[in-house]
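Participant: Here it is: the structure, laid out below.
The values are calculated or read from the model by the stated rules, or taken from the named source; none is laboratory data. Owing to the predicted nature of the structure, the values given are computational and were not obtained by experimental measurement. A quick note on method: Cβ atoms are made from the backbone with ideal geometry, for glycine too, and the neighbour counts reach across all protein chains shown.
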Amino acid sequence: MKFLIDTHILLWAAYESTKLSIAARDIMEDEGNELFYSAASLWEIAIKNGLGREDFQVNLPLFRRGLLDNGYRELSITSSHAIAVATLPQIHKDPFDRMLLAQALHEGITLLTSDGNLMRYSVPLRLA
């Protein structure tokens, strides 16, 4: 199965694995699953790191290298993804989450998230 991993889950997996749920850990350790990260997640980390958010203080080039070295595939942001954002209802205002939702919807990939607010969207997702 294909999973797009939400930003916080990526950060927890890399730096605070005790925060990962058993469900998230099982999905991420299952070699039968394809794991994706979005360019939007790196963009979110860069912006929030620059704003001084403690939970986003990472070395981005090293973080990206770690994702690639661990078999994650990068999902670029396309104009089709940007257009898909416009089709989402205005439930959640976070632009990064909205892009991840749009990418999951457009690509037919299940979004793995810890954000229960995203469950209100008609997008393939798994709460972990």
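Residues checked against (1) free of Cβ contacts under 8 Å to residues at least 24 places away in the same chain; (2) of a type in the set (Asp, Glu); (3) buried (at least 17 other Cβ atoms within 10 Å of the Cβ):
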{"position": "87", "(1), (2), (3)": "yes, no, no"}
{"position": "90", "(1), (2), (3)": "yes, no, no"}
{"position": "102", "(1), (2), (3)": "yes, no, yes"}
{"position": "109", "(1), (2), (3)": "no, no, yes"}
{"position": "120", "(1), (2), (3)": "no, no, no"}
{"position": "128", "(1), (2), (3)": "no, no, yes"}
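Participant: Moving on to the next point. Sort out which residues of the stretch 16-47 are surrounded by 13 or more Cβ atoms within 10 Å (Cβ to Cβ) and hydroxyl-bearing (Ser, Thr, Tyr), and write them in order of number.
Facilitator: If the condition is that a residue be surrounded by 13 or more Cβ atoms within 10 Å (Cβ to Cβ) and hydroxyl-bearing (Ser, Thr, Tyr), then 21, 37, 38, 41 are the ones that fit.
Participant: Output yes when any residue across the stretch 34-43 is modelled with pLDDT of 95 or more, in contact with a helix residue (DSSP H, G or I) (Cβ under 8 Å, 6 or more places away or on another chain) and farther than 17 Å from residue 113 by Cα, and no when none is.
Facilitator: yes
Participant: Suppose we filter the stretch 58-71 for residues that are over 18 Å from residue 111 (Cβ atoms) and surrounded by 17 or more Cβ atoms within 10 Å (Cβ to Cβ); how many remain?
Facilitator: Going through the stretch 58-71 one residue at a time, the tally reaches 3.
Participant: Moving to a separate point now. Could you list, in sequence order, all residues of the stretch 1-57 that are farther than 17 Å from residue 104 by Cα, in a loop (DSSP other than H, G, I, E, B) and free of Cβ contacts under 8 Å to residues at least 40 places away in the same chain?
Facilitator: Selection gives 16, 30, 31, 32, 51, 52, 53, 57.
Participant: Could you go through the stretch 75-95 and let me know if any residue there is assigned to a helix (DSSP H, G or I), within 17 Å of the chain's Cα centre (by Cα) and under 23 Å from residue 13 (Cα atoms).
Facilitator: yes
Participant: Oh, and also: For the stretch 72-85, give me each residue that is loosely packed, with under 10 Cβ neighbours inside 10 Å and either in contact with a helix residue (DSSP H, G or I) (Cβ under 9 Å, 6 or more places away or on another chain) or within 26 Å of residue 27 (Cβ to Cβ) (or both).
Facilitator: Once the filter is applied, which keeps residues that are loosely packed, with under 10 Cβ neighbours inside 10 Å and either in contact with a helix residue (DSSP H, G or I) (Cβ under 9 Å, 6 or more places away or on another chain) or within 26 Å of residue 27 (Cβ to Cβ) (or both), the stretch 72-85 yields only 76.
Participant: Same structure again: Tell me which residues, restricted to the stretch 33-74, are over 12 Å from the mean Cα position of the chain (by Cα) and acidic (Asp, Glu).
Facilitator: Scanning the stretch 33-74 gives 34, 54, 55, 69.
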